[in-house]
Amino acid sequence: MSLDKLPNEILCLLPFYIDNIETFTNAASSCRRLRDCLYTALPNTILRLAAASAPTFFSPHPHFLVAATARQVSDWALGDETRTLALREAFQGGIDSLYEFCLQHAGLTLEDIRRTHLARFSIINPLSDKIDKMAGRQWFATPNFWNGGVSEPYTIYTEADRATFQMIIYGELFGRSMDAFLQPEKNLPYFDIRTRIDYFTYCLPDWVCSSYPGFARLATGPYAPHLERPSEGDQVALHHILHCGRWRRMWAAAIRSVLGGDDAFTDEDEEDEHWRKRMLRNALQSQGLEGMQLVTLPVDKIDNEYVQKVRKMKQQIDQLNEPPRVEMLGKGALTPVSFAPDPPHDVEIPCRNMWGPWTFNPDAASDTDSEEESDPDWELNFEVIEQ
């Protein structure tokens, strides 16, 4: 019996027996009737077909599909204590654990896949190229690198594509949390600082990440005792990117172009920057894939709805009487981290040993001999201040 003799009810079950997204799209394009039946597949089914095609069509893997679905799992968990705990546990298993969590709780439509693939050429690849020029191979290729060729020479290894997606994923996960601080009158839910830091700690593995007074790195995910210590330096790399002059100037120029006026958004040093400007930059850097078009496209090519959103966010921040509260995290030279999404300082906490006033000898302590690390509900040493 040929396929065209089967009833639609049977044809609609075919996605459960198709091996990957390529076979699915080829079958759907074979005839109108099959297309109509296959397109009834649930988003989670399509996501699993896409996962079966990774990393061939969705690289870097698993970051691409995590970025495409992270906002859904964020929405699923936001405001629910039990679900937020489940999300944190997914973070603590590392990026592969978060990927499996997304497969379980999210889905994709074919339109989602098309839109994300189009964004690769207009947003993702251009942003990766910019990051490579400020912290990757192109940056290191600058003549006289250590002797004035670049303004901030630093020994660092950056996988530009991975760093790009790590920042996009952060925004997809925590962008909605910023709404709670832009619209405080609505009393919206938001993810706390611990949840945000868990993402950077475990989903951006780094060989320098280790416990120190006030912070405990659990022996899970990429830091599990049976695994070798991570060779990546993703936290240090992203910390350098988010604090370097090129990154800040890039965002300052983009924000000026949208807001209008040469003095609408200046580029002071971080120490001299007014809290409203810092909050606006943090808000825009926390908008995920949509937000990154601000620094990869000219204003006339940016989606007009997003341009209006940026201007509205600026107005909302201008109407605030005071900044979000800040926690001073760590010990010694404390790092101020905002209750609102704060990517430059969120990433600083897990790699704080790199430049803290204390030292840590990895040969003098194991992953299991710290009482702090044995407690999954680790405590931050902090005080809440008004900025």
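The values are calculated or read from the model by the stated rules, or taken from the named source; none is laboratory data. This one's a predicted model, so the numbers in the text were calculated from it and none came from an experiment. FYI the Cβ positions are ideal-geometry reconstructions off the backbone, even for glycines, and counts take in every protein chain you see. The area values use the complete protein model at the heavy-atom level, side chains included, leaving out ligands, DNA and RNA. Shrake-Rupley method; radii C 1.70, N 1.55, O 1.52, S 1.80 Å.
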Per the 1/(1 + (r/R0)^6) rule, R0 = 22 Å and r from the Cβ atoms of residue 151 and residue 256, FRET efficiency to 0.05 is 0.60
Would you check the accessible area of residue 133, probe 1.4 Å, heavy atoms only, in square angstrom rounded to 10? 90 Å²
Give the ranking of 3, 103 by solvent-accessible surface, highest area first, calculated with a 1.4 Å probe. 3, 103
Need one value: the accessible area of residue 142 in square angstrom, 1.4 angstrom probe, rounded to the nearest 10. 40 Å²
Mind checking which of 300, 96, 129 has the largest fluctuation in a GNM of the chain, springs on alpha carbons under 10 Å? 300
With all protein chains present, calculate the accessible area of residue 243 using a 1.4 Å probe and round the result to the nearest 10 Å². 40 Å²
Highest-MSF residue in the chain out of 114, 176, 32 [GNM, Cα springs under 10 Å]: 32
State whether region 122-352 is rounded, prolate or oblate according to the following rule on the C-alpha gyration tensor (a ≥ b ≥ c being the square roots of its eigenvalues): a/c under 1.5 gives rounded; otherwise a/b larger than b/c gives prolate, and the remaining case gives oblate. oblate
Count of lysine pairs in the chain with Cα atoms under 17 Å apart, counting only pairs 8 or more residues apart in sequence or on different chains? 5
Computed [θ] at 222 nm, helices only, for the chain once each DSSP H run of length n ≥ 4 contributes -39500 (n - 2.57): -14500 deg cm²/dmol
Heavy atoms only, 1.4 Å probe, whole protein assembly: order 146, 139, 275, 76 by accessible area, highest first. 146, 76, 275, 139
Go through 16, 145 and list them by solvent-accessible area, largest first, probe radius 1.4 Å. 16, 145
Take each uninterrupted DSSP H stretch in the chain, measure its Cα extent along the helix axis, and return the ones at 24 Å or beyond whose mean Kyte-Doolittle hydropathy is at least 0.0. 160-182
Among 244, 351, 203, the residue with the largest mean-square fluctuation in a Gaussian network model of the chain built from Cα contacts under 10 Å is 244
